[in-house]
Amino acid sequence: MATRTKLDDYLALLGFDPEATYDVPENPADAALSGVAAFVRKHSAGQEPESTGIIHITGPSALGNSAPVKAVGNLLTSIQSTIDAVGASLMGNRSAEGSLPSAITSRTEMSLIASPMPGSVVIQVAPSLARMDDLYPEGLGLFDVEAELDAKPLADQAFIEFSTLISELREDDPDNSQFVDHLTDLGPRVATAMKSFCESVDKGVLDLELEWTESSRKAKTASISHSHAERAAKLIASANIENEEVAIEGVLLTVTQSTKDKLRILEDDGQEAVVMIGDIPPAATYPLHTGERVRIRAEKRVSRKLGGTRSEKLVGKAVELATKLEA
């Protein structure tokens, strides 16, 4: 009875309410990660960052609270490279050519803010750039972009997108078509970075659980095992994702302002091109009419599914009226 009383007192100290109803994660890994996250937040020194990521490393290479420095170092480097690439893609830079501008990488840079905790290897990271400096680079504006536009710092957007990609790598889906389509839209730079990330997880023989938490928002979680990472790296390599910028000119057959619809253009050779709205703003398509001659700048995105099936789509970047030159 005394033991029961002590247990009740301890639970009360933790804030447990015996009359309340609590949600329990269906996935045991989610429950474990939640416990790790709570432990890290409780023992983190100083002021807690507004956004934090927790990387929980287990698997054959993680013994107790230690893991090979090289494996963890390669992992962290690959994660940062992927966050940079995803952030660049979200900002419209989807080409694999050239290096990324510092205007992007300064916003996606992560800092290590915690040390490994007992019982496993837990690493805590946070954006190097302060949240307010990212959202208001010129100082506070006339309105709150977070409240009015649900704006997020680029680092938050990129880590969440990265976590979403990992979540789409489902072990029960052999062709992972949703993942490949998503990766194709993000571009070849992200594909290369994700392949390197998966290879680092595989070669390091690491199992990962990730969590990203923003102030007053529900945490985003994802996990990947080293065995599935090996298959994912091969999947990305076989997808052979490419993109290139192309110019399409012809007579406009359909026009729309909806991102769900597509523009159809009859080219001079008689071929019909179908272009997704993509980055073309509604203001650019509003004055257009069918029958007019237009010039569209677009991305041609190419990928391959299992079995070698080639997938190609055109995604708009800009559109303007054009005049056909007489021969």
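Set the Förster distance to 25 Å, then compute FRET efficiency between A96 and E267 from the Cβ-Cβ distance, nearest 0.05.
Step by step, r from the Cβ atoms, then E = 0.40.
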Quiz prompt | Among the listed pairs K195/K218; K218/K300; K195/K313; K203/K313, those beyond 32 Å (Cα-Cα) | solution = K218/K300; K203/K313
Quiz prompt | Debye log10 I(q)/I(0) for the range 186-245, one point scatterer per Cα, at q = 0.15, 0.27 Å⁻¹ | solution = -0.55, -1.02
Quiz item: Taking the alpha carbon gyration tensor of the range 30-239, what are the square roots of 5 times its eigenvalues, largest first, to the nearest whole Å?
Solution: 26, 23, 15
Quiz item: Based on the Cα coordinates of the range 242-321, what is the per residue volume of their convex hull in Å³?
Solution: 91
Practice problem: Can you run the Rg to Rh ratio on the range 180-327? Use alpha carbon positions and the Kirkwood inverse-distance Rh. | Solution: 1.12
Exercise. Give the Debye-formula value of log10 I(q)/I(0) at each listed q (0.14, 0.34 Å⁻¹), with one equal scatterer per alpha carbon of the range 127-170, two decimals each.
Key: -0.42, -1.16
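Read the figures in this text as sums done on the coordinates, not as results from a lab. These numbers come from a predicted model, not from an experiment. All Cβ positions, glycine included, derive from the backbone under ideal geometry; neighbour counts span all protein chains shown.
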